[in-house]
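Presented below is the structure to which this report refers.
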Amino acid sequence: MSTFKSIFITGASSGIGLATAKLFHDQGWQVAATMRDPADAASWMTGERCVVRDCDVTDQSSLDMAVKETLSKFGKIDVAFANAGYGLNGPIEGATDEQMLRQFDVNVLGVARTIKAVAPDMRARKAGLIITTSSIGGLIGMPLAPLYISSKHAVEGLIESARFELAPFGIGMKLLEPGGIKTDFSRRSADWTDHPAYTDAIAAGKKMAVDLLDSAPDPVKVADIVLKMATDGKKRLRYLAKPGPYVAMYKMLPDRLWRGMIQMALRSASKN
Ligand SMILES: NC(=O)c1ccc[n+]([C@@H]2O[C@H](COP(=O)([O-])OP(=O)(O)OC[C@H]3O[C@@H](n4cnc5c(N)ncnc54)[C@H](OP(=O)(O)O)[C@@H]3O)[C@@H](O)[C@H]2O)c1
């Protein structure tokens, strides 16, 4: 078996997943970079310490095959990074059943399927760590993304609970909770609901979502935190990553003030 450490990543084609794949590779790790379309792979992923594999987290057999190929090349998976996700934004009233099901299929069941795919090998070796990308939206409610936000709240509950059943087998679980990060998420990985009663709010929300991420911290900073999570040897569950002021304000302010502040920001965005 190889002496290199290995990481298995979902959603490694772009953003946080890609930055993490690159950092771990640069640090000498073996990297299984999985993505829906391997044509999106970065050029450095052709290296000896890389596996690029197509993998859609809505399909258990796709995940199982990707894990099987990784194990046959690397011999083991030390860290699994369940990172793939997308954002369904917009008011609930405008959401179709198909949109709502897809949101939970990718963001929540995709994580559950990733755990199912990697746990048997980790359990047999009595070692392994599963890091899942949640969000500060897994901790606090935000306007105009109730389905995305609730999917991330579900991820928090999934991991916080599953860690109890996996711990006796030597498998650790950690939650990465980024704030706004400068990726293309709002353009390439976001879908919007539509409803005539919310036209102004949706238009303002679309603009805010793009502006917010364009001026946010670089995903390389989040990759640094994932590396820390993978190597610090701690049993800590939650790691905030560049959360901005929101989590602290949410915890500190009385609900009346928090609500007023968010509604005021929304009103001013709708006017612009
Ligand atoms: N950027 C932020 O501000 C922010 C904040 C908090 C949390 N997050 C979370 O961070 C994670 C990564 O997002 P990002 O910001 O890095 O945006 P991104 O660059 O758009 O990355 C999203 C990744 O998820 C993949 N993906 C989507 N559906 C998939 C599926 N069914 N199967 C496999 N992969 C799938 C995408 O692959 P394709 O190339 O195939 O589309 C892409 O690689 C997500 O879970 C997101 O919710 C982001």
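The values are calculated or read from the model by the stated rules, or taken from the named source; none is laboratory data. Keep in mind it's a predicted model, so treat the numbers as computed, not measured. Counting neighbours? That spans all protein chains shown, and the Cβs are built from the backbone with ideal geometry, glycine included.
Quick notes
- Exclusive hit being touching a strand residue (DSSP E or B) at 6+ places or on another chain (Cβ under 6 Å) and not aromatic (Phe, Trp, Tyr), set Ala39, Ala32: Ala32
- Residue among Ile130, Ile159, Ile92, Ile149 that is free of Cβ contacts under 8 Å to residues at least 60 places away in the same chain and either more than 11 Å from the ligand (Cβ to nearest atom) or aromatic (Phe, Trp, Tyr) (or both): Ile130
- When residues of segment 146-188 are limited to those that are modelled with pLDDT of 95 or more and hydroxyl-bearing (Ser, Thr, Tyr), the one surrounded by the fewest Cβ atoms within 10 Å (Cβ to Cβ): Ser161
- Any hit, segment 203-213, residues being among the charged types (D, E, K, R), within 24 Å of Ala269 (Cβ to Cβ), touching a helix residue (DSSP H, G or I) at 6+ places or on another chain (Cβ under 6 Å) and surrounded by fewer than 19 Cβ atoms within 10 Å (Cβ to Cβ): no
- Selected residue (criterion: nearest to the ligand (Cβ to nearest atom)) from residues of segment 1-28 that are within 20 Å of Gly172 (Cα to Cα) and surrounded by fewer than 22 Cβ atoms within 10 Å (Cβ to Cβ): Lys5
- Leu101 being farther than 19 Å from Ser161 by Cβ, within 20 Å of the chain's Cα centre (by Cα) and assigned to a helix (DSSP H, G or I): yes
- For beta carbons closer than 8 Å, sequence separation of 6+ or different chains, a first residue in segment 185-200 that is within 15 Å of Gln103 (Cα to Cα) and of a type in the set (D, E, K, R) and a second that is within 8 Å of the ligand (Cβ to nearest atom) and at pLDDT 95 or above, the qualifying pairs are Arg188/Ser14; Asp191/Tyr86; Asp191/Gly87.
- None of Arg113, Arg53 is in contact with a Leu (Cβ under 6 Å, 6 or more places away or on another chain) and crowded, with 20+ Cβ neighbours inside 10 Å except Arg113.
- Flag if Ala12 is touching a residue at least 60 places away in the same chain (Cβ under 8 Å), in contact with a helix residue (DSSP H, G or I) (Cβ under 7 Å, 6 or more places away or on another chain), more than 18 Å from Asp105 (Cα to Cα) and of a type outside the set (Asp, Glu): yes
- Residues in segment 168-221 that are of a type in the set (S, T, N, Q) and over 27 Å from Arg238 (Cβ atoms): Thr193, Thr199.
- Residue match in segment 64-73 (condition: farther than 24 Å from Lys235 by Cα and under 18 Å from the mean Cα position of the chain (by Cα)): no
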